[in-house]
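Here the structure is laid out as structure tokens; the discussion comes afterwards.
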2 protein chains.
Amino acid sequence: MRITIKEIAKLAGVSQATVSKIINNYQDVGEDTKKRVLKIMEEKGYRPSHSAKTLASKVTNVIGVLYAGKVNVGFNHPFFVDVMDMFKKKIGYLGYDLMFFSNEKFFLDEEDYLARCLHYNVDGCIIIGGEDIQESVYDVDKSPIPCIGIDIKLTGEQSGYLMTDNYKVSSKVVEHYYLLGHREIAYIGGKKDSVIADIRLSAFREVMGQYGLPVREEMVKYGDFFEGSGYRAMKELLHAPVPPKAVFAASDLMAFGAIQAIKEHGLKVPDDISVIGCDDISAAKHIDPPLTTVRQDSERIGNLAARMLFDLINHRINSTSVMVEPELMVRKSSGPAYSQTLMGS
Amino acid sequence: MRITIKEIAKLAGVSQATVSKIINNYQDVGEDTKKRVLKIMEEKGYRPSHSAKTLASKVTNVIGVLYAGKVNVGFNHPFFVDVMDMFKKKIGYLGYDLMFFSNEKFFLDEEDYLARCLHYNVDGCIIIGGEDIQESVYDVDKSPIPCIGIDIKLTGEQSGYLMTDNYKVSSKVVEHYYLLGHREIAYIGGKKDSVIADIRLSAFREVMGQYGLPVREEMVKYGDFFEGSGYRAMKELLHAPVPPKAVFAASDLMAFGAIQAIKEHGLKVPDDISVIGCDDISAAKHIDPPLTTVRQDSERIGNLAARMLFDLINHRINSTSVMVEPELMVRKSSGPAYSQTLMGS
DNA sequence: AAACAGAACTAAAGCGTTTATGTAGAGGAG
DNA sequence: CTCCTCTACATAAACGCTTTAGTTCTGTTT
């Protein structure tokens, strides 16, 4: 059936050990035997068995990919997809393949992430955060398995994490609006219990304070990151006694909803009201007007994640965390505070 | 270190075989021993070793995911991402995990897909097509490993494939335009050597013929599926002696480019020129005007792929292929042929 | 010439499972 | 009471690789 080391050894007239050593680049093998054995392997189409190798050596060269959220953000989350794309490239280059664990039932336990990791004996894993984290992911954080979290704080001995500096997300938006002359900014946030939304909101409040700007509570709304909630929040804002002239939505989709609401209200973006989103999803630059938004550096995060995980696995570093700077993509949906007045005068 | 069957067996006072049988639900084990052993496994936190199990049984419960294209479409291809998302859910439910092979160097060979599959001993694999297929994927098609191709024709004994019915893609667009009164339709296709683009174009020609409509060669342009090429193609079309009133672009991004070109030319969509795209990417409904486009049923494809692969693995079916019907998403970018004239009169 | 060192290789145990084969004991048929 | 059939287990080999601890041989040193 399968061509094994044993057969190669027999054909080459050497021992299994020698063949194994050739495969693994040991030094104590003669040049000529090496050539002869390699030739036979080539001819016979020898393929090493991953399971046998793993069983014997305990090394898999496999990285587990865990989605920690209760709702399966899966593949189609714009930010995580970009991160993973880069991560896969980098970690692949370093010699690892990726294992995606199914979210469905597993041996004995339903959502036992650690069990999955131990089962496959992964060399390390990457944990994708998000909202509504399942507690059981922290079991692998605490285990000796090296792991890197994206948008989730891992504090284990062999863990590290990466996330966008969400404080800077808010501060860049506030600064941009401030420079455009805006003095009041409305905020459409994510779910109240979302960690990230929380950081952004408190950063927003803090930075506003630094610029000496007030934050009226009626100017703060909560959505769910999706379009409809942005639409509804904006409707409410438009019906406030003094509607805002500048809005910061914590996701692009909510910003889309907000723009829709503004248009329906007979106003123009950005002439009457400026809107800034967050994420820079691909649609952002195609809508009307092209959306000013905050872009997370997903490439850099994916790249760093791969490198950090590699170093963690090889004991080159200890537990670390890094905050990655976001970038403000200035497009057409944000404009000066008084353009309307100026045009009207 | 690791808790093994052996230890469980010793603790329970039974043989390894008995423990193994309990894990694998064999019938010849007494109820009370079963309970006792399960309890001990639970207490000791026993986790089966995948590699040992695989080595002994030859079954991995792992599906390999192969991207067959030379350019790494990776995770962020809108259509394939949706397909994979559904596929992962379904196949996970059936008890399989997913292995993504890195595109980078591998043992001995650079791009030897079959080697990867044999190395990991996958139970089956899913092959993601696209443009510029690497010949070596057909090695696994021809091998006894069950595989399902998405947008790639696999004809092996243990293979099957799924793709959108690209004939219908063209025919639905032509029919829609025909019903709106259009009699001439311009076509902006993909790369000349792209299989899928080719099917769509010849289907376009054929269906146009069925409706008795002419296809002037100057109304057929080739792009590369990206925005810029759609923009350039449209520019050319606009400068034709008789510019078209209806355009079918073989990708949404090219449609975006075309719309941009039309706007810059001082014309309106759809009043002056109608545009239809293909893919229904998320941005399509957000642009101005919302794009009429053809949607591939990625959920259905992912779902079917999982089921077919499962049946192939378990010898419930033989080689099969299915064409999945696309859906025309009618939005605002396509309108009646003579609206301009009507409005002008 | 004896002793030794290093290079090139081998033997065999071990990794954690599965599984074919074997067997002890209980119960039923004759 | 013996023989047979089940049931409920046990034994041990096998899976394909790695790795430790040798072993053999060649060449150098004293």
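No lab work stands behind these numbers, since they all come straight from the coordinates. Keep in mind the model is a prediction, meaning the values are calculated, not measured. Positions of Cβ are backbone-derived with ideal geometry, glycine not excepted, and every protein chain shown enters the neighbour counts.
Brief remarks on what is shown
- In chain B, the longest principal axis of the Cα atoms and the axis of helix B:78-93 are about 30 degrees apart.
- Segment B:5-48: Rg to Rh, with Rh as the Kirkwood radius over Cα pairs: 0.90
- Fewest-first ordering of A:Thr4, A:Thr293 by other beta carbons within 10 Å of each residue's beta carbon gives A:Thr4, A:Thr293.
- Given charges at beta-carbon only (K, R positive; D, E negative), |dipole| of chain A in Debye: 1120 debye
- Exceeding the 28 Å Cα-Cα cut-off - candidates A:Lys332/B:Lys285; A:Lys142/A:Lys221; A:Lys332/B:Lys263; A:Lys88/B:Lys88: A:Lys142/A:Lys221
- Within the shell of other residues whose beta carbon sits under 14 angstrom from the beta carbon of A:Val14, the net charge comes to +3, with Lys and Arg scored +1 and Asp and Glu -1.
- Diffusion coefficient (Stokes-Einstein, Kirkwood radius over C-alpha pairs, 37 °C, 0.692 mPa s) for the protein assembly as shown: 116 µm²/s, rounded to a whole number.
- Distances between equivalent label points of B:Phe226 across the copies, with each point positioned 7 Å along Cα→Cβ, amount to 3.4 nm, shortest listed first.
- Relative contact order (%) - criterion: Cα under 8 Å, at least six apart; region: segment A:237-309: 26 percent
- Charge tally for A:Arg232 (other residues, Cβ to Cβ under 11 Å; Lys, Arg +1; Asp, Glu -1): -1.
- Counting DSSP beta bridges with both ends in the protein assembly as shown, the antiparallel % (nearest 5): 15 percent
- Peptide B:83-90 - average C-beta neighbours from other chains (10 Å radius): 4
- Label-to-label distance, B:Ala56 versus B:Arg183, with points set 7 angstrom from Cα along the beta-carbon direction: 7.7 nm.
- Rh (Kirkwood; distinct C-alpha pairs) - chain A, Å: 23.1 Å
- Residues B:Arg216, B:Arg200, A:Arg36, sorted so that the one with the fewest Cβ neighbours within 10 Å comes first: B:Arg216, A:Arg36, B:Arg200
- Listed residues A:Thr18, A:Pro48, A:Leu38: farthest to the positive end of the dipole of segment A:5-48 (Cβ charges): A:Pro48
- Label zone at A:Gln210, where the point sits 7 Å out along the Cα-to-Cβ direction: segment A:167-191 residues whose backbone N lies under 12 Å: A:167-176
- Averaged over the residues of A:283-292, the number of partner chain Cβ atoms lying within 10 Å of the residue Cβ comes to 4.
- Using a Förster distance of 60 Å, the FRET efficiency for A:Leu267-A:Arg300 (Cβ separation, nearest 0.05): 0.95
- Sequence-distant lysines (8 or more away, or on other chains) whose Cα lies within less than 20 Å of A:Lys89: B:Lys70, B:Lys105
- Residue mean of other protein chain beta carbons inside 10 Å, B:94-102: 6
- Relative intensity of segment B:105-186 on a log10 scale, I(q)/I(0) at q = 0.12, 0.14, 0.16, 0.26 Å⁻¹, equals -0.49, -0.58, -0.66, -1.22, per a Debye sum over C-alpha point scatterers of equal strength in the absence of solvent.
- Taking each DSSP H run with n ≥ 4 as -39500 (n - 2.57) and averaging over every residue of chain B yields -13000 deg cm²/dmol at 222 nm.
- Taking chain A and dividing mean pair separation by its residue count, relative contact order in percent (alpha carbons under 8 Å, at least six apart): 16 percent
- Distances from B:Val59 to itself in the other copies, using label points 7 Å out along the Cα-Cβ axis, amount to 3.1 nm in increasing order.
- Relative contact order [Cα under 8 Å, 6+ residues apart], segment B:162-214, whole percent: 48 percent
- Local electrostatic count, B:Met323, Cβ distance below 10 Å [Lys/Arg +1, Asp/Glu -1]: -1
- Estimated inter-spin distance, B:Asn24 and B:Ala240, nm [label 7 Å along Cα→Cβ]: 6.6 nm
- Shape category assigned to segment B:175-265 from the gyration tensor of Cα positions, a/c cut at 1.5: oblate
- Taking the DSSP bridge list for chain A and keeping only pairs wholly inside it, about 10 percent are antiparallel.
- Least to most buried among B:His182, A:His239, A:His265 (fewest other Cβ within 10 Å first): A:His239, A:His265, B:His182
- Protection proxy ranking, highest mean first, for peptides A:9-18, A:221-230: A:221-230, A:9-18, where packing is the per-residue count of other beta-carbon atoms within 10 Å, averaged.
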